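Heads up, the thing below is written out as structure tokens.
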Amino acid sequence: MILFIIATASSFSWLFTYSDMSDAMVSGIVALNMSPKLFCVLIAVLLLFFGTFLEGTAICVLLVPVLWPVAMSMGLTAIEFGLIVCLAGVIGAMTPPVAVNIFSACSISKLSIGEVTRGELSFFMGFVMVLMLIALFPSFFTFMIT
């Protein structure tokens with residue numbers, strides 16, 4: 001089951017790369033001329049969206065090389081950007097339809113997908129709130145880590 005999910009996510013990532021959507025995305029983001037906080041929120045939402053369809057490794061391979069130069073030009077540090085990417089990857093792993101963590105928990109616990117999803121809903125909401133706080137105040141969380 002998990003290998004099927006990874007294969008589907010890999011084929012989507014191949015389609016994303018082959019269609020040159022990444023280059024169009026970078027030029028579109030740079031053309032918006034936005035503040036660093038708004039850019040962090042945009043990255044968080046974008047990574048949450050892609051996290052529902054791709055696994056974390058595919059997101060890192062596809063989007064991080066595309067978004068990192070833009071993040072550097074906005075003045076973000078590697079730790080600030082990495083916090084957003086890592087937490088969005090964790091949230092994406094618990095979001096259907098790919099939801100690798102949910103399928104793993106279902107196969108181990110022998111519970112249905114609905115039961116596991118209901119159980120993880122409060123954790124999901126907490127993760128999303130923390131991600132938005134990190135996106136809005138990245139330097140504060142960088143200070144907390146170091």
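What the table shows:
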{"read-out": "Rg/Rg_ref, the range 86-146, where Rg_ref = 2.2 N^0.38 Å and atoms are Cα", "value": "1.33"}
{"read-out": "Relative contact order (percent, whole number), the chain, Cα cutoff 8 Å, 6+ residue spacing", "value": "29 percent"}
{"read-out": "Electrostatic dipole magnitude of the chain [Cβ: Lys, Arg +1; Asp, Glu -1; Cα centre; debye, to 20]", "value": "220 debye"}
{"read-out": "Of the DSSP H helices in the chain, those whose Cα atoms cover at least 30 Å axially and whose Kyte score averages 0.5 or more", "value": "113-136"}
{"read-out": "For the range 1-76: span of alpha carbons on each principal axis (Å, largest first)", "value": "42, 22, 15"}
{"read-out": "Solvent-accessible area per residue for the range 1-133 (1.4 angstrom probe, square angstrom)", "value": "55 Å²"}
{"read-out": "Sulfur and carbon atoms: percent of accessible area, the chain [1.4 Å]", "value": "78 percent"}
{"read-out": "Net length gained if the chain between PHE123 and VAL90 were fully extended (0.36 nm per residue, minus Cα distance)", "value": "10.8 nm"}
{"read-out": "If the convex hull is drawn through the Cα atoms of the range 1-138, its volume per residue in Å³", "value": "95 Å³"}
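The values are calculated or read from the model by the stated rules, or taken from the named source; none is laboratory data. All of these numbers come straight from a predicted model, not from anything done at the bench. Because the Cβ atoms are built from the backbone with ideal geometry, glycine has one as well, and the counts that use them run over all protein chains shown. The area values use the complete protein model at the heavy-atom level, side chains included, leaving out ligands, DNA and RNA. Shrake-Rupley method; radii C 1.70, N 1.55, O 1.52, S 1.80 Å.
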